[in-house]
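Note sheet for the following structure.
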Amino acid sequence: MYTLENDYLIIESKSSGAELTRIYSKKYKKEILWDGDAKHWGRQSPVLFPIVGRLKNNETIIEDSLCKMGQHGFARDMNFELLSTSQESITYKLTSANVDKNIYPYDFELYITYTLLCDKVNIKWEVKNTDSKEIYFSIGAHPAFNISSADDLDKYSMGFKCRENVKHISLVGPYHDKFKSVKSLNNLNLYPNIFENDALIYTDIDEISLKNKESNLSINVLIKDFPLVGVWTPYYKESNSTAPFICIEPWYGLADGVDSNNIYKDKKYINKLNISETFSADYSIEIK
């Protein structure tokens, strides 16, 4: 485990999955990030690569080969190299040399950097094409934020800063279905069965703020220019309750559609990199 600290925050991360495992607010004396209790969900902030969500039948066709891959891809379960660290930041690296070509045939380098900036954690992704041909990929984040108690979910709301033409994407099982325009999405009160059909997925959101109506604490996830964001927590139908955390998930990628043809490069929101090109994106988690 590696630790970064400033006057506002303490964060920890690990080489396994290059996963962020702790955000502690000194101002509020609170653990912000979920602790990974497997009773509800055994992860905390996994990196999703090279798919977001699930493939139909957990398989896809890449460069004419049938490749099998579990939900959210393989990066979250791999050991990254610690590339560099300083007082303010830490960078991890994963290369295709460690990946079975039967799972993902492309050559790439993936860099994950965490940087402390006052009361913010900036998370930067870089994907470099080291192949002799163009490559395709998706990438996403899945940070889980503590709420005071699962019984207190209705005390929480989310505020949105949106771009134009926001759409909600519905799910059928784990697969995306219809895109529906959203006329107004400024504030959303949370309650358990809002998650009964899995994640809430939106396009064209620049920022989401998670707030407890009885507290001054605001967790702001800054995702300017990201095409997609998911909001999720496990829903337990028998008790009409949820886990004691909320995930706010910025994505450059989407699960297969109900009508998917299983061809990887045809996936919605897939990213393409030409030879030697590098994709770069970042988002921030701000504790106010």
Inset, instruction - Would you mind finding the one in Lys56, Lys30, Lys68, Lys14 that is more than 30 Å from Tyr136 (Cβ to Cβ) and not hydrophobic (A, V, I, L, M, F, W, C)? - result: Lys30
Inset, instruction - Output yes when any residue across the range 21-41 is at pLDDT 95 or above, surrounded by fewer than 18 Cβ atoms within 10 Å (Cβ to Cβ), assigned to a loop (DSSP other than H, G, I, E, B) and β-branched (Val, Ile, Thr), and no when none is. - result: no
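Each row is one residue, and each column tells you yes or no for (1) over 28 Å from Lys265 (Cα atoms); (2) of a type in the set (A, V, I, L, M, F, W, C); (3) in contact with a Phe, Trp or Tyr (Cβ under 6 Å, 6 or more places away or on another chain).
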{"residue": "Ile10", "(1), (2), (3)": "yes, yes, yes"}
{"residue": "Ile23", "(1), (2), (3)": "yes, yes, no"}
{"residue": "His40", "(1), (2), (3)": "yes, no, no"}
{"residue": "Gln44", "(1), (2), (3)": "yes, no, yes"}
{"residue": "Leu48", "(1), (2), (3)": "no, yes, no"}
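To keep it simple, each residue is scored yes or no on (1) of a type in the set (S, T, N, Q); (2) in contact with a strand residue (DSSP E or B) (Cβ under 8 Å, 6 or more places away or on another chain).
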site: Lys213; (1), (2): no, yes
site: Asn216; (1), (2): yes, no
site: Val221; (1), (2): no, yes
site: Phe226; (1), (2): no, yes
site: Val231; (1), (2): no, yes
site: Pro234; (1), (2): no, yes
site: Thr242; (1), (2): yes, yes
site: Cys247; (1), (2): no, yes
site: Trp251; (1), (2): no, yes
Inset, instruction - List the number of the failed condition for Leu9; all other conditions in (1) in contact (Cβ under 8 Å) with a residue 12 or more places away in the chain; (2) more than 22 Å from Ala243 (Cβ to Cβ); (3) surrounded by fewer than 17 Cβ atoms within 10 Å (Cβ to Cβ) hold. - result: (3)
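To keep it simple, each residue is scored yes or no on (1) more than 30 Å from Glu5 (Cα to Cα); (2) surrounded by fewer than 17 Cβ atoms within 10 Å (Cβ to Cβ); (3) touching a residue at least 40 places away in the same chain (Cβ under 8 Å).
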| residue | (1), (2), (3) |
| --- | --- |
| Ile61 | yes, yes, yes |
| Asp64 | yes, yes, no |
| Lys68 | yes, yes, no |
| Met78 | no, no, yes |
| Thr95 | no, yes, no |
| Lys101 | yes, yes, no |
| Asp107 | yes, no, no |
| Tyr111 | no, no, no |
Legend entry - Hey, Ser184 closer than 28 Å to Val258 by Cβ, among the polar types (S, T, N, Q) and modelled with pLDDT under 95 or not: yes
Inset, instruction - Tell me, yes or no, whether the range 127-148 has at least one residue that is buried (at least 20 other Cβ atoms within 10 Å of the Cβ), touching an Asp or Glu at 6+ places or on another chain (Cβ under 6 Å) and either over 30 Å from Asn240 (Cα atoms) or aromatic (Phe, Trp, Tyr) (or both). - result: yes
Inset, instruction - Scan the range 173-181 and give yes if some residue there is farther than 23 Å from Ser149 by Cα, hydrophobic (A, V, I, L, M, F, W, C), open to solvent by 60 Å² or more (accessible area, probe 1.4 Å) and without any contact (Cβ under 8 Å) to a residue 60 or more places away in the chain, otherwise no. - result: yes
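The values are calculated or read from the model by the stated rules, or taken from the named source; none is laboratory data. Only a predicted model underlies this, so the values are computations on that prediction, with no experimental measurement involved. Cβ atoms come from the backbone with ideal geometry, glycine included; neighbour counts cover every protein chain shown. When the accessible area is computed, the model is the full protein with side chains, heavy atoms only, and any ligands, DNA or RNA have been set aside. Shrake-Rupley method; radii C 1.70, N 1.55, O 1.52, S 1.80 Å.
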